[in-house]
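Inspection log for the structure reproduced underneath, given as structure tokens.
Bear in mind that the values in this text are calculations on the coordinates, not laboratory data. None of the values given here were measured: they were computed from a predicted structure. Glycine gets a Cβ as well: all are built from the backbone with ideal geometry, and neighbour counts include every protein chain shown.
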Amino acid sequence: MPRRTPSLTRRELFRLGALTVSGFELLPMIGPRNVRAQGSATPRGHVDSVIFINLRGGPSQMDTFDAKQDKWTPADFEMQKTPQGLLWPYGLMPKLAERLDDLCILRSMEAWDTVHSRAQFYLQTGHHPSPARNEEMPSIGSVISYESLESRKESDFLPTFVAMNYDPKTMYGPVVKEGNLPVEHAPLTLDLERGELPFILDEKDRPSFDRRWELLQKLDGKRGQLSQPSSQRAHAEFAAYAEGVRRMMGNSRLRETLEISDADHERYGANAFGDSCILARNAVAADAGARFIMLTHKDWDHHGNIYKPGAGLYKLCPELDNAFAPLLEDLKAIRKPDGSSQLDRTLVVAVGEFGRTPGELTLTGGREHYAGAMNALFAGGGVLGGRAIGGTDPLAAKVTDPGWTANRPIYVEDVTATLYSALGIDWTKRLTGMPSGRDYVYVDPAAGSGYYQFQEIGELYS
């Protein structure tokens with residue numbers, strides 16, 4: 001079967017030889033410190049990894065996962081009741097309709113913010129943005145990396161936190177990285193639209209790479225003799241990161257993890273998002289250290305032409321459908337030694353930063369930003385599928401049924417607590433000694449418009 005094998009160009013070889021790729025942790029250096037719990041949470045710790053699909057831009061809830069049919073709904077959306085009793089746009093996402101037994105839809109979510117950059121920061125950190133503290137706050141993936149240091153195996157060769165297809169130079173802001181955590185907890189960032197998979201080293205290039213590596217060690221030898229503690233720490237972090245790159249590139253299993261067969265490329269939609277889903281599948285199946293993988297699916301910001309043929313939802317929904325459905329199918333088919341499936345050991349989440357305005361379309365044929373209702377999809381990791389949690393009014397404009405024990409809308413903080421819990425992380429923990437003088441609480445109860453008891457969404461599992 002033909003395979004799409006990433007290769008290392010001479011330019012990339014030189015770049016990696018100089019070790020200027022995006023930083024990530026592979027060689028454990030220091031464990032979590034200055035950490036203490038403040039509550040009585042009991043995390044589940046029942047999954048190995050999370051695949052987090054960032055639907056950047058904010059999908060329109062009434063046209064997709066909280067489907068409503070009204071006079072403005074195009075006939076070819078084919079809104080029909082599923083065997084599970086859910087209204088679903090079969091004309092847009094027929095493959096996911098077949099996987100609904102694996103999916104639980106949160107239909108009682110609300111957003112705190114409707115500005116893309118602020119809402120994306122919220123989505124990636126689970127925290128309200130604060131100009132005075134944004135630089136010190138780590139992303140969810142970096143916290144997971146920080147908490148996972150002591151559990152990494154000697155055989156792990158993949159970074160703990162991987163972020164794919166998030167182009168940073170847009171109105172959405174940059175991908176949020178490690179904040180004030182050590183630099184080795186930054187994500188490995190890949191842009192598959194640009195073909196950025198530079199880590200496969202052809203055997204013919206290995207002698208050249210090894211020579212450059214040797215030369216680098218000689219040139220950098222003096223750095224370890226720096227007198228200032230801050231400089232010594234920076235050198236130690238750099239050295240750990242550099243050694244991690246070398247170890248990953250020297251692992252014989254890396255090639256099979258990053259390879260994409262032509263058949264899979266076509267089956268997942270033949271685009272960058274589909275390819276990222278394939279790599280996420282490969283990474284979690286490899287059981288090689290990847291714990292949080294964020295995949296970005298772009299362009300859900302439909303201010304105009306949302307129903308335009310060949311564009312808007314007619315483009316984005318099939319892309320999601322063609323990649324998300326086979327991802328679930330393949331994870332379910334991969335069997336673990338104990339008889340469970342890879343999907344049983346992987347929590348898959350898809351969510352955007354907010355919803356869209358309900359009712360009639362705007363004059364430009366679109367829907368504006370909206371905080372009053374939004375959705376999230378959960379699958380795997382013991383999630384009970386084939387249903388929805390919560391509900392909204394006939395226009396998907398207002399949460400009318402929270403559908404869970406907190407008896408309020410679900411927020412990003414609750415989703416964040418659920419991710420941490422699934423991975424065995426106490427979401428009430430806090431990091432002390434931050435530059436601002438304030439503790440960093442993994443899930444901060446002070447958010448949005450008040451003080452909340454954010455918690456794991458236990459109803460996902462029952």
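Observations, loosely collected:
- Building the convex hull from the alpha-carbon atoms of the range 328-462 and averaging its projection over directions returns 12.0 nm².
- Additional length obtainable on full extension of the chain from LYS218 to LYS308, 0.36 nm per residue less Cα span: 26.5 nm
- Cα-based Rg and Dmax for the range 231-384, where Dmax is the largest Cα-Cα distance (Å): 19.6, 61
- Volume per residue of the C-alpha convex hull in the range 415-458, rounded to whole Å³: 81 Å³
- For the pair ALA132 and ASP401, the difference between a 0.36 nm per residue extended length and the Cα-Cα distance amounts to 93.2 nm.
- Each peptide in 272-279, 203-210, 355-362 gets a packing score, the mean of other Cβ atoms within 10 Å over its residues, and the list from highest to lowest is 272-279, 355-362, 203-210.
- Simple label model, 7 Å out from Cα along Cβ direction - ARG206 to GLU193, nm: 3.6 nm
- Beta bridges assigned by DSSP with both partners in the range 3-461 are antiparallel in approximately 55 percent of cases.
- Packing-based ranking of 250-257, 105-112 yields 105-112, 250-257, ordered from highest to lowest mean Cβ neighbour count within 10 Å.
- Reduced Cα scattering model of the range 86-185, Debye log10 I(q)/I(0), q = 0.18, 0.20, 0.23 Å⁻¹: -0.99, -1.05, -1.14
- Per residue, the convex hull volume that the Cα atoms of the range 3-461 enclose (Å³): 146 Å³
- Virtual spin-label span in nm between LYS336 and THR73, 7 Å along Cα→Cβ: 3.8 nm
- Peptides 448-454, 89-95 ranked from most to least packed, by the mean per-residue count of other Cβ atoms within 10 Å: 89-95, 448-454.
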